[in-house]
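These notes are about the structure you will find just below.
No lab work stands behind these numbers, since they all come straight from the coordinates. Note that the coordinates shown come from a computational prediction; the quantities given were computed from them, not determined experimentally. Cβ coordinates were reconstructed from backbone atoms using ideal geometry, including for glycine residues, and neighbour counts include every protein chain displayed.
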Amino acid sequence: MADEPTDLPGTAGVPGDDGRGRVVVGVSGSLGSLAALHRAVAEARRLDAEVLAVHCWTPVGGEFGYRRSPCPPLLSVCRDAAAARLRDALDQAFGGAWAGVRLRSIAVRGETGQALVRCADRPDDLLVLGAGGRGALARVLHPSITAYCTRHATCPVLAVPKPPLQRELEDLERHPRTRLTVTA
């Protein structure tokens with residue numbers, strides 16, 4: 001399975017080597033990935049590097065399911081949805097404004113950890129990921145992308161902790177508080 005980059009407006013696929021460093025960041029649209037994106041931009045400013053925002057996607061049913069029952073029109077819909085999700089995440093992160101650094105974005109077909117490691121393939125790259133604790137069941141069903149990237153990347157990996165808002169929202173889900181109602 002090869003990468004199938006989806007070029008977004010203002011990008012030309014995976015950027016060529018222009019002699020500048022790169023900060024590669026995984027972007028899913030979650031609060032954690034948006035925090036990682038902001039950290040990636042800050043690191044790019046500090047390092048005078050460009051940011052490569054990567055959204056990883058697989059066909060509905062996964063690669064195995066797609067191989068068993070290929071459907072090119074469905075694959076095209078999945079690719080377009082991935083590109084739209086990445087655009088939406090970038091808009092959410094920066095409010096449609098300039099990020100302040102050279103930023104390229106790409107949607108890559110593949111399992112997230114493997115695809116991110118393939119994108120951050122230069123020794124001088126920095127791979128930035130959103131990280132956070134998950135429950136035991138989630139760890140069993142979906143192994144940690146951060147752990148995979150840390151073990152397999154050939155460049156430094158920076159794991160950005162969950163933002164405080166995300167932790168508070170998760171606490172509210174786990175421990176709903178009694179709402180106070182005011183009556184006149």
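For HIS55, the residues 5 or more places off, or on other chains, whose built amide H falls under 5 Å of its own are VAL27, ILE106, ALA107, VAL108. Charged side chains reduced to their Cβ positions (Lys and Arg at +1, Asp and Glu at -1) give segment 39-115 a dipole of some 80 debye around its Cα centre. For a modelled paramagnetic label at ASP124, 7 Å from Cα along Cα-to-Cβ, the residues of segment 17-52 in reach, with backbone nitrogen under 15 Å, are 17-24, 44-51. Please work out the FRET efficiency for the pair ALA42 and ALA81, using the Cβ-Cβ distance as r and a Förster radius of 25 Å; give the result to the nearest 0.05. Result of the calculation: an efficiency of 0.30.
In segment 65-131, the ratio of gyration radius to Kirkwood radius, Rg to Rh, stands at 1.03 when only Cα atoms are counted. Label-to-label distance, LEU169 versus SER30, with points set 7 angstrom from Cα along the beta-carbon direction: 1.1 nm.
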